[in-house]
Amino acid sequence: MIQRLYIHNFRCLENFELSLKDMSSALLIGKNGVGKSTISDVLQIFQSIGRGTNRVRDLVKPKDFARGRSDVPIRLEIEVLLHEKLYQYILAFELPENFKELRVFEEQLLVTGQPIYSRTQAQVTLHTSGQNSEAQFLVDWHLVALPIIQEQSETDPLRIFKTWLARMIILAPIPSLMTGDSDGETLEPNRDGSNFGEWFSGLLSRYPAAYTQVDKYLREVIPDIQDFLNEQIGKDSKSMIVRFEANNANLSIDFQDLSDGEKCFFICAFVLAANKFYGPLFCFWDEPDNYLSLSEVGHFIISLRRSFNNNGQILVTSHNVEAIRKFSDENTFLLDRKSHLEPTLIRLLSDITFTGDLINTLISGDIEI
């Protein structure tokens with residue numbers, strides 16, 4: 001999973017490094033405006049590239065330069081351990097004078113230190129192990145090369161890495177957008193959860209046994225749930241129905257009419273099932289405790305952490321005291337920013353000296369990096 005994420009000159013993040021080596025789960029905390037959601041935006045850039053987006057203007061904008069410093073490239077690096085091999089992907093964007101759209105300045109993919117391909121501006125060099133050690137071609141400066149380069153086989157490192165990027169789960173759900181309706185299938189949920197119905201259809205169509213995993217979790221948090229269905233409502237359309245049973249009475253509810261918190265329970269159940277059946281996956285969930293009651297937060301967070309303990313990796317943000325208490329100082333990162341004119345700093349809580357209870361110290365704002 002992710003070993004290292006490096007971000008430079010992107011919004012409030014300058015020379016920013018997040019090390020997640022040997023962490024199956026981790027927590028980001030800090031005041032509003034310190035860059036927690038910006039980290040998820042960077043991860044979504046990588047995810048979008050894995051899903052085929054290659055036009056630079058669809059990934060980054062001129063306003064993304066830190067404090068307007070367009071004379072320095074935006075640089076993004078991610079290191080991922082997959083099948084015991086370290087994948088390193090480097091991508092840098094520049095905005096030359098009088099340009100309105102950013103373009104690729106540098107791009108490179110390495111596996112265990114060996115380059116798969118490298119790129120400087122428009123020139124891409126493919127590195128192979130055959131007699132012809134290199135192949136070169138030109139790519140429009142305004143296109144990212146990774147989605148364009150064709151994989152040679154199922155085991156091609158390019159395919160492995162792109163598939164992993166595409167299947168990263170990045171979440172900041174908006175339950176009101178989750179209707180449960182679908183016109184297709186996917187294993188790639190949207191950040192806001194708006195294609196949850198398609199994810200439901202895709203997961204259970206591809207991995208029918210996932211139903212049992214989803215059902216098991218839902219029964220823990222919604223005891224009166226009987227089952228959930230994906231009913232055909234048109235030639236290619238389906239709609240989710242949730243049925244409840246208690247005291248010899250039954251009730252059917254359209255998925256879209258569930259409460260916001262109940263919809264988040266369904267997302268959690270599907271994250272757990274996805275990681276089990278087509279993982280290991282990386283999941284970033286921005287404030288998973290949103291929409292939940294205080295008594296529900298602890299079990300929710302523990303379920304996520306436990307699921308990713310030996311398989312996959314999850315990174316979350318939170319302002320909720322119950323969620324924060326479910327992590328240790330060794331896997332909790334504090335982000336701090338003195339002002340909007342200074343970059344964000346990051347440190348593990350275990351490396352910071354503070355006295356007293358962590359929650360009270362956070363509330364009083366007495367922790368300094």
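The values are calculated or read from the model by the stated rules, or taken from the named source; none is laboratory data. Here the structure is a predicted model, which means the values were calculated and not measured. Reconstructed Cβ throughout: ideal geometry from the backbone, glycine too, with neighbour counts over all protein chains shown. Heavy atoms of the whole protein, side chains included, go into the accessibility calculation; ligands, DNA and RNA do not. Shrake-Rupley method; radii C 1.70, N 1.55, O 1.52, S 1.80 Å.
Quick notes
- For the stretch 289-334, the square roots of the Cα gyration tensor eigenvalues, ordered a ≥ b ≥ c, give a/c of at least 1.5 with a/b no greater than b/c, which places it in the oblate category.
- For the residues Ile233, Ile369, a 1.4 Å probe over the protein chains yields an accessible-area ranking, largest first, of Ile233, Ile369.
- With Cα atoms, 0 to 90° folded angle of helix 260-278 axis to the chain main axis: 60 degrees
- Here His340 sits with roughly 140 square angstrom of accessible surface, probe radius 1.4 Å.
- Leu138, Leu5, ranked by accessible area, largest first (probe 1.4 Å): Leu138, Leu5
- Per residue of the chain, the DSSP helices (runs of n ≥ 4 H) give a summed -39500 (n - 2.57) that works out to -7500 deg cm²/dmol at 222 nm.
- Treating r as the C-beta distance of Thr53 and Phe99 and R0 as 25 Å, the FRET efficiency rounds to 0.80.
- Potential lengthening between Ser19 and Asp215 on full extension [0.36 nm per residue; Cα-Cα distance subtracted]: 67.1 nm
- Normalising the average separation of contacting C-alpha pairs (under 8 angstrom, six or more residues apart) by the number of residues puts the relative contact order of the stretch 286-330 at 52 percent.
- Placing +1 on the Cβ of every Lys and Arg and -1 on the Cβ of every Asp and Glu, with no other charges, gives the chain a dipole of roughly 520 debye about its Cα centre.
- Pairs exceeding a 25 Å alpha-carbon distance, out of Lys63/Lys85; Lys31/Lys100; Lys21/Lys276; Lys162/Lys235; Lys85/Lys276; Lys276/Lys326: Lys63/Lys85; Lys31/Lys100; Lys162/Lys235.
- Heavy atoms of Ser350 accessible to a 1.4 Å probe, total area in Å² rounded to 10: 50 Å²
- Listed candidates [x] 21; [y] 30; [z] 35 - label of the one calculated as percent of Cα pairs over 35 Å apart: [y]
- Extension gain, His319 to Lys338, is 5.0 nm, computed as 0.36 nm per intervening residue step minus the present C-alpha separation.
- Counting Lys and Arg as +1 and Asp and Glu as -1 over every other residue whose Cβ lies under 10 Å from the Cβ of Ser182, the net charge comes to -4.
- Shape call, the stretch 147-223: gyration tensor on alpha carbons, a/c limit 1.5: prolate
- Largest accessible area first, the listed residues Lys21, Lys235 line up as Lys235, Lys21 when surface is computed with a 1.4 Å probe on the assembled protein chains.
- Note on Asp257: accessible area is roughly 100 Å² with a 1.4 Å probe, heavy atoms of protein only.
- Protein heavy-atom accessible surface, 1.4 Å probe, per residue over the stretch 1-61: 35 Å².
- Counting Lys and Arg as +1 and Asp and Glu as -1 over every other residue whose Cβ lies under 14 Å from the Cβ of Glu17, the net charge comes to 0.
- Sequence-distant contacts, meaning Cα pairs under 8 Å at least 6 residues apart, place the relative contact order of the chain at 18 percent.
- Of the accessible area of the stretch 199-287, computed with a 1.4 Å probe over protein heavy atoms only, carbon and sulfur atoms account for 44 percent.
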